[in-house]
Amino acid sequence: MNVQQVPSTDFGKLVARHRAYFLTGKTRPVDWREAQLTALAAMITDNAKDFHAALWTDLRRNWIEADLIDVATVAHEADYARQQLKTWMRPVVTNVPQMMQPGEVRVRFDPLGVGLIIGAWNYPFFLTLSPLIGAIAGGNAAVIKPSEIAPACADVLAKLFPRYMDKDAFSVVLGAVPETTALLEQKWDHIFYTGGPAVGKIVMAAAAKHLTPVVLELGGKCPTIVHSSANLAVAANRIAQGRWLNAGQTCTGVDHVLVFKDVKEQFLSLLKDSVIQFYGKDPSRSPDYGRMVSERHHARIVGLLKSGEVFLGGQHDSKDRYIAPTILVNTPLDSPVMQEEIFGPILPVLEVGSVEEVINYVNARPKPLGLYVFAEDLEVAERILGATESGDAGINDCTIHPLVPELPFGGVGNSGMGKYHGEWGFRAYTNARGVLYRGTAEDPGVRYPPYPSKPGT
Ligand code: NAD
């Protein structure tokens, strides 16, 4: 058992300890929040080497993409939250109706208490620490449960947290499904879950027992439309990055492309060029190309390769957890790869004939986490956005929008509920508590019974 692992029988005690600390009020002052955000940023920057090494071990992540998403960006987000904190915490003041004057209404943003953060393995630091930034900014305590599927990254968090963060407010619990299940039996003030929709339902059912609010950051198949008016060369580069970043293991990744018939051949050829330019003719030798997180995940993706005709790639090696960047064409809609979120380095490219067909296609399926439109004709993009739903969207870009600190990030419907990052994370972790302040100098009797009889009775 890892030193930081808490026996599951003690989770009740763990939550009680953090709640008792929360109730002392020590997590509420702005100074404490600023200090914890500073400590979090320092934990990352002081130990960036350990963060990079763990991402390499678990996912063979190259250092630029490690920094871009899981390391430097998270430290920057903590700094940004610290700078913005006082503005976010400022109560909103509004006027009251005539009958309540003299008076004033203020909306306070009060902490919720003790939160549970359950992270996924694909961006093991970003998906645990970014919610935590919201929790700290909101003045809460929290327990973090990193994913067991990325064990080197989970160990880094467990090792460093006690050295940097307030131990009375924060713990890291290691373990797998039994530990997560035991954690979910506790009464939390907030649960933040990132992972697939099936487990999202388990989390929400557990939260319902205590009427605990949840943020669910789930997945789905993000469709990407390439219109006839698109700048095809730029679309090919951005889509290649959006699909093959982290070897396709990205929740906002391009799941499949719907390309307009008249530009299909040209787009496919440019997409192939982009892949070769990024990763060379043999991507298994590229230091920039990642690996499947486990043999089990590798086997699942290999099983999907037969869903269509291989246009590029298709090679795989289970010993190295390697699957080449793969483009599939002539993929039937009822084939396995089109039935589930791919979450790996396969990209089916399907042909469409009209904007109406695209809209009908999207609306006939569960609401995706992201939807991307590549088009120079912005009316086309707006028509598609205006007639469909997705958690978030991108026009002439894909996948990377969660890196914009102030953009509300999250799903809708099957892809999740609740938004975070920047002020949205602060709001997710606070109760907007409306307070009516009244003066007592006047107290007109008109509001109290007995009331005058209704006219005409
Ligand atoms: P995972 O298997 O690492 O699971 C996530 C967490 O859930 C882990 O901490 C794990 O312990 C816990 N868990 C797993 N099974 C459980 C069970 N039966 N009961 C209780 N807890 C359980 O992650 P995953 O689900 O493989 O992650 C991939 C999915 O996550 C994809 O669908 C992806 O799109 C989605 N995802 C979404 C986002 C987002 O921000 N919306 C980000 C990353 C990944």
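Scan segment 312-335 and tell me whether some residue there is at pLDDT 95 or above, within 16 Å of the ligand (Cβ to nearest atom), assigned by TED's automatic domain parsing to the domain that holds LEU369 and not in a helix (DSSP H, G or I). Scanning segment 312-335, I find at least one residue that is at pLDDT 95 or above, within 16 Å of the ligand (Cβ to nearest atom), assigned by TED's automatic domain parsing to the domain that holds LEU369 and not in a helix (DSSP H, G or I), so the answer is yes. Among the candidates TRP121, TRP56, the residue that is under 19 Å from the mean Cα position of the chain (by Cα) and modelled with pLDDT of 95 or more is uniquely TRP121.
Any residue at all in segment 248-258 that is touching an Asp or Glu at 6+ places or on another chain (Cβ under 8 Å), closer than 30 Å to ALA39 by Cβ, more than 14 Å from the ligand (Cβ to nearest atom) and not hydrophobic (A, V, I, L, M, F, W, C)? Within segment 248-258, none of the residues are touching an Asp or Glu at 6+ places or on another chain (Cβ under 8 Å), closer than 30 Å to ALA39 by Cβ, more than 14 Å from the ligand (Cβ to nearest atom) and not hydrophobic (A, V, I, L, M, F, W, C). Looking only at residues of segment 142-169 that are in contact with a strand residue (DSSP E or B) (Cβ under 7 Å, 6 or more places away or on another chain) and farther than 25 Å from MET292 by Cβ, we find that the one that is surrounded by the most Cβ atoms within 10 Å (Cβ to Cβ) is ALA142. The set of residues in segment 190-236 that are assigned to a loop (DSSP other than H, G, I, E, B) and either out of contact with any Phe, Trp or Tyr (no Cβ under 8 Å at 6 or more places or on another chain) or within 11 Å of the ligand (Cβ to nearest atom) (or both) comprises GLY195, GLY196, LEU211, PRO213, LEU218, GLY219, GLY220, LYS221, CYS222, SER229. Within the set ASN62, ASN122, the sole residue that is polar (S, T, N, Q) and within 15 Å of the ligand (Cβ to nearest atom) turns out to be ASN122. Checked against the criterion of being touching a strand residue (DSSP E or B) at 6+ places or on another chain (Cβ under 9 Å) and more than 13 Å from the ligand (Cβ to nearest atom), the candidates THR430, THR440, THR457 yield just one match: THR430.
The number of residues in segment 384-425 being part of a strand (DSSP E or B) and more than 12 Å from the chain's Cα centre (by Cα) comes to 3. Among the criteria (1) among the polar types (S, T, N, Q); (2) away from the ligand (no atom under 12 Å from the Cβ); (3) closer than 27 Å to ILE44 by Cα, the one GLN186 does not fulfil is (3).
When the residues of segment 143-153 are filtered to those that are touching a residue at least 60 places away in the same chain (Cβ under 8 Å) and either near the ligand (Cβ under 9 Å from one of its atoms) or assigned to a strand (DSSP E or B) (or both), which remaining residue is farthest from GLY248 (Cα to Cα)? Across segment 143-153, the extreme among qualifying residues is VAL143.
ALA381 meets each of the listed conditions (1) surrounded by fewer than 20 Cβ atoms within 10 Å (Cβ to Cβ); (2) out of contact with any Leu (no Cβ under 8 Å at 6 or more places or on another chain) apart from (1).
Take segment 404-432 and flag every residue that is in contact with a helix residue (DSSP H, G or I) (Cβ under 6 Å, 6 or more places away or on another chain) and modelled with pLDDT under 95. Residues satisfying the conditions are PRO405, GLU406.
The values are calculated or read from the model by the stated rules, or taken from the named source; none is laboratory data. Source: prediction; values computed, not measured. We place every Cβ from the backbone using ideal geometry, glycine too, and count neighbours over all the protein chains shown.
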